[in-house]
There are 2 protein chains.
Amino acid sequence: MKINVMTDILEANDRIAAANRQVFDRHRNLVLNLMSSPGAGKTTLLEKTAEALQGRLRLGIVVGDIETTRDKERLDRHGLPVVQLTTGSACHLDANMVSSALPHIDLAGVDVLVIENVGNLVCPAEFKVGEDFKVMILSVTEGDEKPLKYPLMFRESSLLLINKVDLLNHTNFSLNEAKANARKINPDMEIIDISCVTGQGIPEWMAWLAGCYQKKFGTKSRA
Amino acid sequence: MKINVMTDILEANDRIAAANRQVFDRHRNLVLNLMSSPGAGKTTLLEKTAEALQGRLRLGIVVGDIETTRDKERLDRHGLPVVQLTTGSACHLDANMVSSALPHIDLAGVDVLVIENVGNLVCPAEFKVGEDFKVMILSVTEGDEKPLKYPLMFRESSLLLINKVDLLNHTNFSLNEAKANARKINPDMEIIDISCVTGQGIPEWMAWLAGCYQKKFGTKSRA
């Protein structure tokens with residue numbers, strides 16, 4: 001008998017992810033799985049998103065880190081519901097970890113739930129957590145060839161946010177090259193250039209969020 | 001009976017790593033396992049290292065990527081012996097993969113062998129490949145809190161290269177904070193600030209390499 005440990009793990013994970021999804025749908029939550037390399041700007045983007053969404057859609061966050069609660073502390077300052085998952089040594093969130101966070105967040109008070117994954121351009125893309133969409137960030141300091149070198153996350157994500165475009169002049173990153181590479185891997189990928197320093201692209205990111213919410217629930221907001 | 005799959009995997013890996021190490025020692029190779037996030041600058045550093053080492057120590061490289069042979073193509077231009085390992089979906093190199101590369105490189109013609117790991121701040125730190133030292137790069141665009149959030153790699157590495165210091169003025173990265181965080185995790189860690197754009201820190205990195213070679217083999221170079 002041959003046991004395929006990885007297939008078994010992913011199948012078990014998918015079942016729990018589907019159960020999480022049912023909980024989210026019942027609470028009318030649009031759920032995003034936000035992934036990137038370490039330091040690409042996930043937490044900073046969420047801080048900007050919290051400000052930009054005020055009075056429109058209510059944001060909630062589950063934040064995954066190997067160690068420390070620093071990201072939660074940063075997000076807490078924005079008065080959001082935030083739950084921290086500390087993974088110990090695991091390099092990604094899985095559906096079971098996210099499930100364990102759900103009793104600690106008031107899902108009925110949330111319209112958009114963002115699950116901020118562990119900083120890692122590889123493993124998080126393999127594990128569903130119950131999300132509607134995977135969204136990823138690539139920062140311009142990482143290099144425009146990254147879609148070809150780490151294809152799975154680009155293939156799995158619906159939206160690519162190219163972050164830190166304010167630093168473009170200080171790098172050899174080509175936006176055109178990065179987009180061409182991303183679309184070679186995933187022709188349907190939507191792409192928005194953003195800067196959390198200048199605010200570029202934040203309105204487009206808000207419009208994308210609102211569009212997804214409307215597509216899922218048929219209204220622009222719960223209010 | 002309880003089977004601890006992870007412990008078994010790591011023990012098997014360590015045995016192969018020890019065998020690799022014997023091969024390296026027999027060929028008088030100083031071997032470094034070079035790790036970082038995606039886009040922190042591993043390949044660019046190796047290009048600069050190839051130039052700086054010319055006429056001193058002979059560099060050879062094993063380069064690991066999930067997909068593409070782009071890094072090998074960049075390094076080939078420097079006339080170095082380079083072997084590409086394409087891991088498919090694996091998010092790190094292990095000792096067995098490195099073992100499979102060894103027949104394809106003339107180890108007798110190499111003094112310093114750098115094994116460039118997959119870009120990932122988490123998993124590569126768990127797997128020995130036969131190296132004398134682990135060396136890691138943190139780039140200033142990633143954030144100065146990273147040692148606390150991804151402690152294992154900082155704990156396991158002998159040397160931290162803080163890269164892209166030419167971009168310091170464009171970030172909120174504090175060198176002092178980063179070094180204090182790194183030394184909280186690993187008090188013995190050596191740290192060098194570098195920039196592959198300005199060349200800052202490259203002489204110190206060369207001196208570190210030469211010192212390690214001399215410590216291992218009792219001479220400054222084979223020649």
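A few remarks follow.
- The listed residues are A:Gly88, A:Gly39, and the only one of them that is under 17 Å from the mean Cα position of the chain (by Cα) and assigned to a loop (DSSP other than H, G, I, E, B) turns out to be A:Gly39.
- Applying a threshold of 8 Å to beta carbon distances and a minimum spacing of six or more residues, or different chains, the list of pairs starting in region B:96-125 at a residue that is among the small types (Gly, Ala, Ser) and ending at one that is surrounded by 24 or more Cβ atoms within 10 Å (Cβ to Cβ) and in a helix (DSSP H, G or I) reads B:Gly119/B:Lys42; B:Ala125/B:Met153.
- Restricting attention to region A:131-143, the residues being under 12 Å from the mean Cα position of the chain (by Cα) and either within 12 Å of another protein chain (Cβ to nearest Cβ) or not charged (D, E, K, R) (or both) number 5.
- Filter pass, B:Pro103 being more than 23 Å from B:Trp205 (Cα to Cα), more than 14 Å from every other protein chain (Cβ to nearest Cβ), more than 16 Å from the chain's Cα centre (by Cα) and not polar (S, T, N, Q): yes
- Residue among B:Ala108, B:Ala125 that is more than 12 Å from chain A (Cβ to nearest Cβ), part of a helix (DSSP H, G or I) and either aliphatic (A, V, I, L, M) or touching a strand residue (DSSP E or B) at 6+ places or on another chain (Cβ under 6 Å) (or both): B:Ala108
- Given (1) closer than 26 Å to A:Arg155 by Cβ; (2) assigned to a loop (DSSP other than H, G, I, E, B); (3) at pLDDT 95 or above, number of the condition B:Thr68 does not satisfy: (3)
- Spans of strands (runs of 3 or more DSSP E) in region A:128-223 with at least 1 residues closer than 22 Å to B:Asp71 by Cβ and touching a residue at least 12 places away in the same chain (Cβ under 8 Å): A:133-139, A:159-163
- Residue in region A:74-92 that is among the acidic types (Asp, Glu) and either within 13 Å of chain B (Cβ to nearest Cβ) or crowded, with 22+ Cβ neighbours inside 10 Å (or both) present: no
- Enumeration of residues in region B:144-167 that are in contact with a Pro (Cβ under 8 Å, 6 or more places away or on another chain) and facing chain A (nearest Cβ under 7 Å): B:Lys146, B:Lys149, B:Tyr150
The values are calculated or read from the model by the stated rules, or taken from the named source; none is laboratory data. Just so it is clear, the model here is predicted, and its values are computed rather than measured. Quick reminder, even Gly has a Cβ in these numbers, built from the backbone with ideal geometry, and neighbours come from all protein chains shown.
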